[in-house]
Amino acid sequence: MFSEITDHMFRRMRYLEKLDAEDRMSDKFVLQRLRQIPPQTGRFLALMAANCPQGNFVEIGTSAGYSTMWISLAAQERNIRIKTFEVLTEKARMAGETFAQAHIEQYVEPITGDALSYLSGIREIAFCFLDAEKDVYEKCWDIIADNIVRHGILIADNALSHDTELGPMLKKVEADTRFDSLIVPIGNGELVCRRK
């Protein structure tokens, strides 16, 4: 799967990694930082998605499309599309550029708007990556959990870096006997939940 990363995708990945690093090091206030995952988390997402059962792929928080590129590697193996949601129009515009430049438009269904308005209509979710504003995590979980297929996986970013903010959601997930869950110490900490 990783050996199939095209030159087009590789160049866009390097560009976004450079942009994200510059944002993080800048003293200037940036209204819409990319705040994207690191490359090792991207590889982790791709491997997890590739080993999910059949069903829909969903991403909440597209940003500039960096994580979507990684997940698209698994989507390409199945010839399916990822539904990816971004509420900010400028980030959605950048993501559109990413998908075009990486030549993965046929594997991505970008939706600009609040994911909470759409999620209840998505059934049979095999894989979900949640990386949005932390105050919506629990609301997203409440909608998505019922629609994850048997052995489907939800991964939520920032489980370690924002553990205080995400505390109520993390406790709720841990107490949900329909799922096995753990926090993987990669990147900013990934909460991994697998439906029994």
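The values are calculated or read from the model by the stated rules, or taken from the named source; none is laboratory data. Source: prediction; values computed, not measured. Here the Cβ is made from the backbone with ideal geometry for all residues, glycine too, and neighbour counts use every protein chain on show.
Structural remarks
- Test for R14: is it over 22 Å from E133 (Cα atoms), among the basic types (K, R) and in a helix (DSSP H, G or I): yes
- Screening the candidates I153, I144 for the property of being in contact with a Leu (Cβ under 8 Å, 6 or more places away or on another chain) and not in a loop (DSSP other than H, G, I, E, B) yields one hit, I144.
- Of the residues making up segment 35-55, those that are among the polar types (S, T, N, Q) and under 13 Å from the mean Cα position of the chain (by Cα) are Q36, T41.
- Tabulated pairs, segment 5-19, first loosely packed, with under 15 Cβ neighbours inside 10 Å, second of a type in the set (A, V, I, L, M), C-beta under 9 angstrom, 6+ apart or interchain: T6/A102; T6/I104; H8/A102; H8/I104; F10/A102; R11/A102
- G65 satisfies every condition listed in (1) without any contact (Cβ under 8 Å) to a residue 60 or more places away in the chain; (2) farther than 19 Å from I5 by Cβ; (3) not polar (S, T, N, Q) except (2).
- Test: residue in segment 37-44 that is farther than 19 Å from I111 by Cβ, in contact with a Leu (Cβ under 6 Å, 6 or more places away or on another chain) and modelled with pLDDT of 95 or more: no
- Residue in segment 45-57 that is among the small types (G, A, S) and farther than 21 Å from R12 by Cβ present: yes
- Taking the criterion of being of a type in the set (D, E), over 18 Å from L45 (Cβ atoms) and modelled with pLDDT of 95 or more, the residues of segment 139-163 that qualify are D142, D146.
- Restricting I104, I111, I80 to those that are surrounded by 20 or more Cβ atoms within 10 Å (Cβ to Cβ), of a type in the set (A, V, I, L, M, F, W, C), farther than 22 Å from I183 by Cβ and at pLDDT 95 or above reduces the list to I104.
- A single entry from L34, L47, L88 fulfils the requirement of being touching a residue at least 12 places away in the same chain (Cβ under 8 Å) and over 20 Å from L19 (Cβ atoms): L47.
- Selected residue (only one of S72, S161, S117 is crowded, with 16+ Cβ neighbours inside 10 Å and out of contact with any Leu (no Cβ under 9 Å at 6 or more places or on another chain)): S72
- Restricting attention to segment 120-140, the residues that are surrounded by fewer than 22 Cβ atoms within 10 Å (Cβ to Cβ), assigned to a helix (DSSP H, G or I) and either among the β-branched types (V, I, T) or touching a helix residue (DSSP H, G or I) at 6+ places or on another chain (Cβ under 9 Å) (or both) total 5.
- The listed residue being at pLDDT 90 or above, on the phi > 0 side of the Ramachandran plot and among the polar types (S, T, N, Q), out of S72, S63, S67, S3: S63
- Members of segment 175-188 that are over 15 Å from L45 (Cα atoms) and either modelled with pLDDT under 95 or assigned to a loop (DSSP other than H, G, I, E, B) (or both): D176, T177, R178
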